[in-house]
Amino acid sequence: MASQWQCLLKNIGEWQGSFTRFSPQGEQLEDTPTVVSLEGLNNNQTIRQIVRRLPLGQPVDEKVLEYSSLGRNILFCENGAFSQGSIQWAPFSEFGAELGLIEGNRRLRLVQLFDKDSQLSRLTLIREKLAGTDTPERPALTLEQLLGEWQGEAVTIYPDWRRPDTYPTRLKIYREDTNRLAQQLTFGTGASARTITSTAKINGSILHFDQSALPTQILLLPDGASSNCPVAVKSGHFFVLEVGWLLQPNQRQRLVRTYSAKGEWVNLTLVREQRVTTE
C-alpha cells in the first residue's frame, strides 16, 4: 500500500479553476478564479503549495505554504483523493472539512463549514483542471441522474493508519411520489451487511432528509457534484460529511468523512460505484 505522502503526490501540478461559494440553500454567492500549484522540492520530500485567488478587478491574493509532513487532520486515499478538517466537533466552536476527489486531469473539492451554533453556514465548491488540459466540466447534477441502483466498492481508511477495510456497497435511489424520494444503502456482505433506509423531501436542487433525528440535506451542484451533510450538528448523533461526483452517466465517486456520536472523526471512505439499473 502506498504511503500517505505518496498518495499526496498524486496531486502534484498546477490546477486552474475557481472557488465558488454557496449558501446552505444552494444559492451561488461568489465565484473567484484560482490557480493552485503543488510542487515537489528536495526530491519530493517537501511540497510547496501556492494558492492564488484572482478576483476580477482586484489585486491577486497569494498564499505560499511549504510542508514536509502531514497533520493528524488529513488522510489521502490511494488515488490521491483526500479530506482534511476538524478532528473533533464541539459545541460553540466552528467546525468543518474539505473533501477532494481527483480523476484524470480534473479535481473536485468541497468545503463544508458550520458556525459556532453548529449550523451549516457556507459551502465552497472548487472545480479545477490541470494546466494545459481541456477536459470539459460536467453539467450540473440532476435528481434523474441519481435514480436507480448503484453497485460499488468502498475503501475505508483510518486516522490511526490501521489496515484499510474494503467492502461492497449497494445504493438504491427511487421516487416514492412526486415530492419524496427514498434511498436504501447496503454495505458489507453476509451476516455483517448493514442497510440504512431514509427518505427525503424533494425541493428543487435540495433533498431534505427530514425524518431522522439529525436532519441532513443533499445539495445538487455544478460539475456533477453533490454535497451531503447535516443542516446542524447535535451532540449524541453520528454524522457524515460527503462529496459526490458524477463522472459519467453510470459512474460516480463519493468521499465520506464520518464522525461518531461523540463528535470524533473516525474514518474516511472512498466509494466508487456504477449504476446498474435506472428507475
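In order along the range 57-68, the Karplus-derived 3J(HN,Hα) couplings, from 6.51 cos²θ - 1.76 cosθ + 1.60 at θ = phi - 60°, round to x, 10, x, 5, 9, 10, 10, 10, 10, 10, 8, 10 Hz, and Gly and Pro are given as x.
Sequence-distant contacts, meaning Cα pairs under 8 Å at least 6 residues apart, place the relative contact order of the range 215-279 at 24 percent. Amide H contacts of W150: L171, K172, I173, V276, each under 5 Å away and 5 or more positions distant or on a separate chain (H built 1.01 Å from N in the peptide plane; Pro and chain starts excluded).
Reported to the nearest whole Å, the Cα centre-to-centre distance from the range 1-38 to the range 116-193 is 18. Classify the range 121-272 as rounded, prolate or oblate from the Cα gyration tensor: take a ≥ b ≥ c as the square roots of its eigenvalues, call it rounded if a/c is under 1.5, otherwise prolate when a/b beats b/c and oblate if not. Since a/c stays below 1.5, the shape of the range 121-272 is classed as rounded.
In this structure, the amide hydrogen of F238, modeled 1.01 Å from its nitrogen in the peptide plane, lies closer than 5 angstrom to those of A261, counting only residues at least 5 positions away or on a different chain. Listing L70, L108, L120 from fewest to most neighbouring C-beta atoms within 10 Å gives L70, L120, L108.
The overall shape of the range 75-130, judged from the alpha-carbon gyration tensor, is oblate: a/c is not under 1.5, and a/b is no greater than b/c. The convex hull defined by the C-alpha atoms of the range 1-56 has an orientation-averaged projected area of 5.6 nm². Over the chain, dividing the summed -39,500 (n - 2.57) contributions of all DSSP H runs of at least 4 residues by the number of residues returns a 222 nm mean residue ellipticity of -500 deg cm²/dmol. Counting Lys +1, Arg +1, Asp -1, Glu -1, what net charge surrounds H237 among other residues with beta carbon under 14 Å of its beta carbon? So the surrounding residues net to +1. Electrostatic bookkeeping for T46 treats Lys and Arg as +1 and Asp and Glu as -1; over the other residues with beta carbon under 12 Å from its beta carbon, the sum is -1.
In summary, the convex hull built on the alpha carbon positions of the chain has an orientation-averaged projected area of 15.6 nm². Take every pair of alpha-carbon atoms less than 8 Å apart whose residues are at least six positions apart; their mean separation over the length of the chain yields a relative contact order of 15 percent.
Principal semi-axes of the equivalent ellipsoid, √(5λ) from the alpha carbon gyration tensor of the range 43-142, are 24, 20, 17 Å from largest down. If amide hydrogens are placed 1.01 Å from N in the peptide plane, which non-local residues have theirs closer than 5 Å to the one on R122? When sequence neighbours closer than 5 places are left aside, the close amide H contacts are L113. Just to check I understand the Karplus step: with θ = phi - 60° and J = 6.51 cos²θ - 1.76 cosθ + 1.60, what whole-Hz values come out for the range 183-196, glycine and proline as x? Using θ = phi - 60°, the values come out as 9, 10, 10, 10, 9, x, 9, x, 5, 8, 5, 10, 10, 10 Hz.
FYI, it's all coordinate maths here, none of it is from the lab. What you see is a predicted model; the values in this text were computed from it and never measured. Every residue, glycine among them, receives a Cβ derived from its backbone with ideal geometry; neighbour counts consider all protein chains shown.
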